[in-house]
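Report on the structure given below.
Derivation of every value follows stated rules applied to the coordinates shown; laboratory data play no part. What you see is a predicted model, and the numbers here were worked out from it, not measured in a lab. Positions of Cβ are generated from backbone atoms using ideal geometry, with glycine treated the same way; all protein chains shown enter the neighbour counts.
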Amino acid sequence: MSRLAVTIGGVRLKNPVIAASGEHLIDDAGILSAIRAGAGAVVMKSANESAPAQRQLLQAEYAALDHRWNRLDWSGDTAADATLLTRSGLSPLGFDDWLAQAVRMDLEARKHDCLLVGSVVMAGIEGAVERARALEAAGIRVFEFNIGTPMRARPPRARFRPSSRPSASRIWSAASPPRSISPSGSSCRARANA
Ligand SMILES: Cc1cc2nc3c(=O)[nH]c(=O)nc-3n(C[C@H](O)[C@H](O)[C@H](O)COP(=O)(O)O)c2cc1C
């Protein structure tokens, strides 16, 4: 048994290295490389049912900057200490493709004793519940429900609920695999969201 194994919230990881959700974990290639590199858990790029959130990722600009904020070419040769400036969005995949990707990636993760985590950033609670249930039915072992994105502090009313507490408890009762609820640590509403 690995001496690096840890248990977090009842979930055992072979080691405490968790590849956090982001652009590098959108495509199969990025997810597979994190799994094969030995991460204890890999959190897939978050998704939801919001078309603007999907479009936002496709429209996002990325700029690699040096230590004097000069723009660099962003390629395989970009200096490792460059800063990457961007405004992210969410997975551009539709529901079926997103679920199929999770199942595909989970198969590979299991071969490496890695936990594949499905992640949803809340747009609406019913969409989040539907995704949590679909992940559970598909055998995905851990679900991350992110209600803590910075934009949560000033929610467009049509897309976000005013309080995150009912949303968290609805997800808690909707699905049974270990769930991680991420309240905002980056906004002044952190305490209200907890
Ligand atoms: C470009 C970018 C995209 C991200 N996308 C997501 C996301 O889709 N879902 C999510 O839960 N967190 C997302 N995050 C947050 C990261 O997973 C991570 O929690 C955060 O960057 C803090 O870790 P760090 O201090 O190592 O950067 C993103 C972060 C960055 C910089």
**Item:** Computed magnitude of the charge dipole of segment 66-106 (debye, nearest 20; Cβ of K, R +1, Cβ of D, E -1)
**Value:** 200 debye
**Asked** Say the dipole of segment 5-67 comes from +1 at the beta carbon of Lys and Arg and -1 at that of Asp and Glu; which of G30, V6, V43 then lies farthest toward its positive end?
**Response** V6
**Asked** With the Cα gyration tensor of segment 96-149 giving a ≥ b ≥ c as the square roots of its eigenvalues, does the rule (a/c under 1.5 for rounded; else a/b larger than b/c for prolate; else oblate) give rounded, prolate or oblate?
**Response** prolate
**Message:** Given R₀ = 45 Å, what would the calculated FRET efficiency be for R12 paired with E126, taking r from the Cβ atoms and rounding to 0.05?
**Reply:** 0.90
